[in-house]
1. Would you mind checking the pairs K34/K58; K34/K60; K5/K34; K115/K163; K94/K188 and listing those with alpha carbons more than 19 angstrom apart?
2. Can you tell me how much longer the chain between S219 and T177 gets when fully stretched, taken as 0.36 nm per residue apart minus their C-alpha distance, in nm with one decimal?
3. Quick check on the chain: helices-only [θ] at 222 nm, where DSSP H runs of length 4 and up contribute -39,500 (n - 2.57) each and the sum goes over total residues. Nearest 500, please.
4. Using the Karplus curve 6.51 cos²θ - 1.76 cosθ + 1.60 with θ = phi - 60°, what ³J(HN,Hα) values do you get for each residue of region 109-126, in whole Hz, with x for Gly and Pro?
5. Sort H192, H100 so the one with the fewest other Cβ atoms within 10 Å of its own Cβ comes first.
6. In nm, what is the difference between 0.36 nm times the number of residues separating T62 and N17 and their Cα-Cα distance?
7. What distance in nm lies between label points placed 7 Å from Cα along the C-beta direction at D106 and A141?
8. Pairs K24/K153; K15/K89; K24/K137; K7/K117: which exceed 29 Å Cα-Cα?
Amino acid sequence: MAARKPKPLVAGNWKMNGLKASVKEVNALNAKLKKAGRVPCEVLICPPMPSVQAFAAKAKGTKVAIGAQDCHANLSGAHTGDVSAEMLKDVGAKFVIVGHSERRADHGETSAEVKAKALAAHRAGITAIVCVGETEKERDAGDTLKVITSQLKGSLDDGFTAKNTVIAYEPVWAIGTGRTPTPEDVAKVHAHIRKRLAARFGSDGDAFRILYGGSVKPSNAEELMSVPNVNGALVGGASLKATDFFGIISAYL
Ligand code: PEP
């Protein structure tokens, strides 16, 4: 039997950018998607935390889902400044990014913590987007696959499924730099991730979406999205403006 082909996901990570009024970009994107007719991929925007609720309310029933960029592992408690996955679910978030390299670097998040956050997302009924990726130093040392293997091993749990989890491969050196790996390099890492997923989750491993992230823009989206085992994109800078983000989504139209 032929393997199920995962429905691609094009996700925007707005990081610490955008105010309430930036919801106009979500509205503009929706208008473009509506005009495009059938959209064969899922579309997601993850704005900063204070905008999640308002954006989710605006996007309800449209082709754009709203998610968040992080969550705490616990349900509630004395964790000043943190937000639980249940709180995100409560305000309409459908996805949450966990283990983004900026959080791993800026907040010292370990793979064990990333796994706990992904488990919290599942507990709340939200899909976790688990990020992995090597630094430039690790790449130059020839350690890319070793690093990815270790991050996957530490960040995933046995109960993870293709339904509740998405993997995002984001080479750290490609994030926000305008540099991208060659399609051959992307293919190699994505094939490796697919193999690791199959080894751990059996046939469900084929159904996981593996996103590529790192300087995706309208001009390179088609090439990157056509690489085998690339099932969508995680996009930073180019997701802030509806026109650019739609240009990337257009790789699937
Ligand atoms: C990201 O931060 O997830 C990202 C991929 O950023 P950019 O697209 O700006 O490189």
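1. The pairs that break the limit, which is 19 Å between Cα atoms, are K5/K34; K94/K188.
2. Full extension from S219 to T177 adds 13.6 nm.
3. Computed mean residue ellipticity for the chain: -12000 deg cm²/dmol.
4. Result, ordered by residue: 5, 8, 4, 4, 5, 4, 4, 4, 5, 5, 4, 5, 4, 4, 4, 7, x, 10 Hz.
5. H192, H100
6. 14.0 nm
7. 2.5
8. Distance filter (> 29 Å) returns K24/K153; K24/K137.
No value in this document is a laboratory result; all are computed from the given coordinates. This one's a predicted model, so the numbers in the text were calculated from it and none came from an experiment. A quick note on method: Cβ atoms are made from the backbone with ideal geometry, for glycine too, and the neighbour counts reach across all protein chains shown.
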